[in-house]
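The values are calculated or read from the model by the stated rules, or taken from the named source; none is laboratory data. Values in this document were obtained by computation on a predicted structure and should not be read as measured data. All Cβ positions, glycine included, derive from the backbone under ideal geometry; neighbour counts span all protein chains shown. Protein only, heavy atoms only, side chains kept; ligands, DNA and RNA dropped before computing areas. Shrake-Rupley method; radii C 1.70, N 1.55, O 1.52, S 1.80 Å.
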Amino acid sequence: AGIFYSSGSTGKPKGVPRDHATILHRAWLDRIDLDIQPEDRFLQLRQFSFSASLPDAMNALLNGCSIHLHDLRRKGMEELADTLAARRITVLRPPIELFRHFLASLPPGRTFPDIRCLVMTGDVFYRKDVEQARLHFPQDAVLIHHLSSSETGVLCRNKLTLGSPINGEVIPVGLPVEGKQILLLDDRHRVVPPGQTGEIAVRTEFRFHEYWNQPDLTAQKI
């Protein structure tokens, strides 16, 4: 379906081909977990060259919803609040660091009653972030925090509402999504005991099949 590049957080960005099955699986997961309806309105914030842009576009279009664009480079953070209100956006998937800057830019009393789902991606999400979001978004809005990678897509998902009680300072990323099993392995590919550190391994049919033009690296990881 396309080739997208990883973020480069573990070295150089790597080309990761995505096929139709992985995209359809993610659209199906979000249809179930987010209760997506044709009336929903998604906001596209990310550039289409990044794999994280896929859920914004494909999950909207494959579920019969509308997708709305906001060019952050050109319009900046100042007009984002006006876009959310004018377009009556219902599903927002901002990178967490961007979301923090957005919340800090809002004046007291600025609210977005049409938002019914916030999906947090790309960083650690804290209790203080949730408390700040409660000042501007509906308390019954669905809040989802998850862990994902360019190679495997979404792995774990934690679903709650914005008004839910929170224990601890960090919002967990939740449990493995349907169709994916997560293992922690040692350097001999054995499952580590509870409480021990290991490398994350994913068992699923919905994953990448190669690193683009890097057969040696592909052989190491698959």
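Of all residues in the range 127-148, those that are on the phi < 0 side of the Ramachandran plot and without any contact (Cβ under 8 Å) to a residue 60 or more places away in the chain have Cβ atoms under 7 Å from Cβ atoms of residues that are open to solvent by 10 Å² or more (accessible area, probe 1.4 Å) and assigned to a helix (DSSP H, G or I), 6 or more apart or on another chain, in Asp129/Arg100. Scanning the range 29-81 for residues that are farther than 21 Å from Arg110 by Cα and modelled with pLDDT under 85 returns Arg46, Gln47, Phe48, Ser49, Phe50, Ser51, Ala52, Ser53, Leu54, Pro55, Asp56, Arg73.
Of all residues in the range 22-57 being acidic (Asp, Glu) and open to solvent by less than 30 Å² (accessible area, probe 1.4 Å), which is farthest from Asn213 (Cα to Cα)?
Step one: filter the range 22-57 for residues acidic (Asp, Glu), giving 30, 33, 35, 39-40, 56.
Narrowing the set further to residues that are open to solvent by less than 30 Å² (accessible area, probe 1.4 Å) leaves 30, 40, 56.
Details: Asp30: 31, Asp40: 39, Asp56: 27 Å.
So, considering only residues that are acidic (Asp, Glu) and open to solvent by less than 30 Å² (accessible area, probe 1.4 Å), the one farthest from Asn213 (Cα to Cα) is Asp40.
Assess whether Ser164 counts as being under 21 Å from Met58 (Cβ atoms) and among the small types (Gly, Ala, Ser). So Ser164 does not fit the description; no.
Suppose we filter Ala52, Ala21 for residues that are closer than 28 Å to Gly174 by Cα, in contact with a strand residue (DSSP E or B) (Cβ under 9 Å, 6 or more places away or on another chain) and among the aliphatic types (A, V, I, L, M); which single one remains? Write out each step before concluding.
Numbers: Ala21 fails: in contact with a strand residue (DSSP E or B) (Cβ under 9 Å, 6 or more places away or on another chain).
Result: Ala52 is the single residue among Ala52, Ala21 that is closer than 28 Å to Gly174 by Cα, in contact with a strand residue (DSSP E or B) (Cβ under 9 Å, 6 or more places away or on another chain) and among the aliphatic types (A, V, I, L, M).
Residues in the range 26-55 that are in a helix (DSSP H, G or I) and within 22 Å of Lys14 (Cβ to Cβ): Arg26, Ser51, Ala52, Ser53, Leu54, Pro55.
Restricting to the range 61-92, and then to whatever is assigned to a loop (DSSP other than H, G, I, E, B) and within 19 Å of Ala141 (Cα to Cα), can you tell me which residue is most open to solvent (accessible area, probe 1.4 Å)? Write out each step before concluding.
Initial filter on the range 61-92 (assigned to a loop (DSSP other than H, G, I, E, B)): 63-65, 70-71, 76-79, 87-90.
With the extra rule that they be within 19 Å of Ala141 (Cα to Cα), the set shrinks to 65, 87-90.
Details: Cys65: 14, Arg87: 96, Arg88: 137, Ile89: 1, Thr90: 19 Å².
Per the criteria, the residue is Arg88.
Applying the selection to the range 1-25, what residues are in a loop (DSSP other than H, G, I, E, B) and in contact (Cβ under 8 Å) with a residue 24 or more places away in the chain? Hits for the range 1-25 are Ser6, Ser7, Lys14, Asp19.
Please work out if Asp19 is open to solvent by 20 Å² or more (accessible area, probe 1.4 Å) and either under 14 Å from the mean Cα position of the chain (by Cα) or not polar (S, T, N, Q) (or both).
Numbers: open to solvent by 20 Å² or more (accessible area, probe 1.4 Å): yes; either under 14 Å from the mean Cα position of the chain (by Cα) or not polar (S, T, N, Q) (or both): yes.
So Asp19 passes the test.
Can you confirm whether the range 33-52 contains a residue that is at positive phi and either in contact (Cβ under 8 Å) with a residue 60 or more places away in the chain or over 14 Å from the mean Cα position of the chain (by Cα) (or both)? Yes: one or more hits.
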